[in-house]
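One structure below.
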Amino acid sequence: MSEFFIGTDIIEVIRINHSIKNYGKRFLNRIFTEPEQRYCNSCSQPSIHFAGRFAAKEAVKKALLTSGHFSSISLKEIEIDREQDGQPFLNYQQNKIEYCKISISHTSNYATAFALYLSK
Ligand SMILES: CC(C)(COP(=O)(O)OP(=O)(O)OC[C@H]1O[C@@H](n2cnc3c(N)ncnc32)[C@H](O)[C@@H]1OP(=O)(O)O)[C@@H](O)C(=O)NCCC(=O)NCCS
């Protein structure tokens, strides 16, 4: 029987903004893959999109760890990619994962995300 596991996260956009201002590329490279950085930096307010991806990574991490199938996961191994219509999906260790669904939402102040992991 398949089981499902959920994870959620919320973050203040200003926290991400501060990290980018204070630590720049060092912070970005520790957390975000090159394609993630390319997408966020192409947006008019990159911090909002970085915050959304950060929340999504934390939400995915919670869902995967809750399952007990993973012992440790780094945020960089979790890549939030985009379908052509903009909906987010997960690449884990560079492989597209169909059995984990993600939803992201943001305002100028907060970003939040939800993840659902369906295990076989
Ligand atoms: C998707 C949509 C509901 C987003 O709502 P919004 O209130 O503008 O924005 P939110 O802050 O709640 O969410 C933004 C996030 O939604 C996600 N998103 C974008 N397009 C999406 C889609 N088609 N489906 C699901 N999620 C989507 C993204 O993760 C985006 O964040 P990002 O740009 O940092 O990756 C809105 O843009 C929309 O209705 N788009 C039209 C999509 C559509 O009609 N597609 C038809 C199929 S082609």
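The ranking of Glu36, Glu3 by Cβ neighbour count inside 10 Å, starting from the fewest, reads Glu3, Glu36.
Suppose R0 equals 41 Å. What FRET efficiency, 1/(1 + (r/R0)^6) with r the Cβ-Cβ distance, do Asn109 and Ser67 give to the nearest 0.05? Could you put the intermediate results ahead of the total?
Values: r = 31 Å, r/R0 = 0.76.
Efficiency at R0 = 41 Å is approximately 0.85.
For Phe89 and Ser42, what is the calculated FRET efficiency with R₀ set at 22 Å and r taken between the beta-carbons, to the nearest 0.05? Plugging the Cβ-Cβ distance into 1/(1 + (r/R0)^6) gives 0.75. Take Ser119, project a point 7 Å from its Cα along the Cβ direction, then tell me which residues of the range 57-91 have their backbone nitrogen under 18 Å from it. Correct set: 59-74. Helices in the chain that qualify as membrane-span-like (whole DSSP H runs, Cα extent of at least 20 Å along the helix axis, mean Kyte-Doolittle hydropathy of 0.0 or higher) are 46-66.
How large is the convex hull of the Cα atoms of the chain per residue, expressed in Å³ as a whole number?
Values: hull volume 11.9 nm³, N = 120.
Residue-normalised Cα hull volume stands at 99 Å³.
For the chain, what number of Lys pairs, 8 or more residues apart or on separate chains, have alpha-carbon atoms under 14 Å from each other?
Numbers: Lys25/Lys76; Lys57/Lys76; Lys57/Lys101; Lys61/Lys76; Lys61/Lys101; Lys62/Lys101.
Lysine pairs meeting both conditions in the chain amount to 6.
Taking neighbour counts of Cβ atoms within 10 Å as a proxy for exposure, in what order, fewest first, do Leu118, Leu64 appear?
Working: Leu118 14, Leu64 23.
Starting with the residue having the fewest Cβ neighbours, the order is Leu118, Leu64.
Using Cα pairs under 8 angstrom and six or more residues apart, how large is the relative contact order of the chain, in percent? Working shown, then result.
Numbers: 229 pairs, mean separation 46.0, N = 120.
The value is 38 percent.
Just so you know, all these numbers are worked out from the coordinates, no wet-lab data involved. Everything numeric here is computed off the predicted structure, so don't read it as measured data. Positions of Cβ are generated from backbone atoms using ideal geometry, with glycine treated the same way; all protein chains shown enter the neighbour counts.
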